[in-house]
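The values are calculated or read from the model by the stated rules, or taken from the named source; none is laboratory data. None of these values were measured; they are calculated from a predicted model. All Cβ positions, even for glycine, are placed from backbone atoms using ideal geometry, and neighbour counts span all protein chains on display. Just the protein is used for accessible areas: all its heavy atoms, side chains included, with ligands, DNA and RNA removed. Shrake-Rupley method; radii C 1.70, N 1.55, O 1.52, S 1.80 Å.
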Amino acid sequence: MSSLFEAAGLEDTAPRPLADRLRPRTLDEVVGQDHLLKGEGPIARMRAQKRFASIILWGPPGVGKTTIARLLADESGLEFEPLSAVFSGVADLKKAFERARARRQAGRGTLLFVDEIHRFNRAQQDGFLPVVEEGVITLVGATTENPSFELNAALLSRAQVLVLKRLEAESLELLAARAEKDVGRPLPVTPVARTALLDLANGDGRYLLNLVEELFALTRDKPLEPADLATYLQRRAPVYDRDRDEHYNLISALHKSVRGSNPDAALYWLARMLEGGEDPLFLARRIVRMANEDIGLADPTAIHAALAAKDTYDFLGSPEGELALAQAVVHLACAPKSNAVYSAYKAARSAAKDSGSLAPPKHILNAPTRLMKDEGYGAGYEYDHNTEDGISGQDYFPDEMTDRPVFYEPTDRGREAAIGERLAKWRELRARRRG
């Protein structure tokens with residue numbers, strides 16, 4: 001139902017933000033998502049077949065999720081029913097489903113668009129299942145979070161997940177050109193500042209148009225230089241949410257950069273997380289894990305450097321203590337790498353679970369009582385320090401384990417190379433003793 005203002009045509013003349021005025025009117029005008037909308041893309045195929053299925057649009061802010069949903073409704077002839085999971089609850093969902101059922105009885109379909117769908121809890125998400133299954137609604141959900149973690153498996157099985165990309169410079173430039181055409185004059189920036197402006201947008205088309213609108217509102221005699229942008233425009237903080245998908249993506253990038261021996265990339269991801277507001281002690285804990293998991297005995301000083309960084313941060317706090325984290329990250333990235341101990345421990349745990357409760361061999365058991373001596377405890381034990389090479393070569397596995405497993409295989413990198421030579425000599429000695 002339209003309002004009195006809409007009926008009188010007054011709404012069309014009301015002030016509208018530039019981003020709203022430039023919202024695409026057809027799917028062909030959407031920029032930056034050709035992998036979905038062109039050629040053999042999934043939405044392109046839906047349009048060609050005139051068969052519109054339920055989908056989840058996953059992507060960062062300002063890349064066209066809401067616009068695509070609205071335009072899909074226009075093309076399919078479905079009634080567009082928008083909901084925001086931020087402001088809606090179970091009662092709102094029930095009303096939306098009731099309206100969709102009423103339309104269906106009247107021969108019309110409904111495209112239910114749910115923005116921030118990941119904010120609905122599991123029970124609320126389950127409410128979509130029967131209406132999607134029965135075809136009462138075509139669901140289009142939008143989310144900035146990884147659907148694999150945030151949405152029910154049952155819901156994901158009924159809706160195809162489509163990934164939207166951050167807008168590249170070419171797409172952002174196209175939006176800027178559209179804005180200039182709408183306003184009727186060029187942006188008041190130099191070519192170099194124009195490039196810097198696109199960088200400020202960080203792949204977010206809506207944010208770019210908001211920046212452009214601010215620039216058009218300025219009154220200046222000469223175009224702005226890159227340095228002027230910092231004066232007139234507020235740089236947005238990097239997109240980062242400490243308890244959601246980006247948190248896990250960036251810590252994974254940091255860990256893999258260290259593992260891949262790239263100190264420059266590791267420092268970049270460390271800085272990204274700290275600038276985004278990550279808890280430095282969370283990073284310190286992960287750095288300690290990297291030292292154990294990926295370096296180990298190839299550089300035994302790595303774990304000491306990691307723990308020292310944590311202690312230094314505890315002592316100094318921010319921002320001085322963050323330099324200690326950076327130093328530890330560079331130390332670990334530049335260190336020789338080995339996951340031999342990590343792999344050996346996993347293999348040993350598996351063997352321990354499989355072998356049950358086997359007792360140690362009697363010759364390495366202490367015998368503090370006469371009964372235990374009579375039972376053979378400690379019989380035949382050789383004190384390794386009294387042998388010629390400081391190693392007796394005796395066996396230490398349970399007697400029932402006839403195959404002597406080798407869990408720890410040192411690499412030939414860093415200090416593990418020397419460890420490997422010693423182990424090879426000792427294993428040969430044990431093999432000779434076993435005959």
Which residues in the range 377-410 have a backbone N closer than 14 Å to a point placed 7 Å from the Cα of ARG432 along the Cα-to-Cβ line? 388-394
Tell me, what HN-Hα J-couplings in whole Hz come from the Karplus equation 6.51 cos²θ - 1.76 cosθ + 1.60 at θ = phi - 60° for each residue of the range 195-207, using x for Gly and Pro? 4, 5, 5, 5, 5, 4, 5, 6, x, 9, x, 5, 5
Span from the the range 10-82 Cα centroid across to the the range 186-229 one, whole angstrom: 26 Å
Under 5 Å between amide hydrogens, which residues at least 5 positions from PHE80 or on another chain qualify, with H placed 1.01 Å from N in the peptide plane? LEU111
Percent relative contact order for the chain, counting Cα pairs under 8 Å at least six residues apart, stands at 11 percent
What share of the DSSP beta bridges in the chain is antiparallel, in percent to the nearest 5? 0 percent
The range 132-266 - charge dipole about Cα centre, Lys and Arg +1 at Cβ, Asp and Glu -1, debye rounded to 20: 220 debye
Over the alpha-carbon set of the range 129-243, divide Rg by the Kirkwood Rh and report the Rg/Rh ratio to two decimals. 1.15
Reachable lysines, given that their alpha-carbon falls under 26 Å from the alpha-carbon of LYS181 and they are not under 8 places away in the same chain: LYS38, LYS65, LYS165, LYS222
With point charges of +1 on the Cβ of Lys and Arg and -1 on the Cβ of Asp and Glu, referenced to the Cα centre of the chain, which listed residue (LEU72, SER343, GLY32) lies farthest in the positive direction of the dipole? LEU72
In the range 104-151, which GluC sites (Glu not before Pro) are in a loop and have at most 16 other Cβ atoms within 10 Å, using DSSP for the loop call? GLU134
Residues THR301 and LYS362, FRET efficiency given R0 of 41 Å [Cβ-Cβ distance, rounded to 0.05]: 0.55
Report the accessible area of LYS373, computed with a 1.4 Å probe over the heavy atoms of all protein chains in place, in Å² rounded to the nearest 10. 120 Å²
Cα-based Rg and Dmax for the range 3-128, where Dmax is the largest Cα-Cα distance (Å): 16.2, 44
Sorted by accessible area with a 1.4 angstrom probe, largest first, how do PHE407, PHE113 fall? PHE407, PHE113
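For a test of the definition: using alpha carbon positions, the gyration tensor, and the 1.5 limit on a/c, classify the range 314-425 as rounded, prolate or oblate.
It is prolate, given that a/c is not under 1.5 and a/b is the larger ratio.
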Computed over the Cα atoms, what is the radius of gyration of the chain divided by 2.2 N^0.38 Å, N being its residue count? 1.45
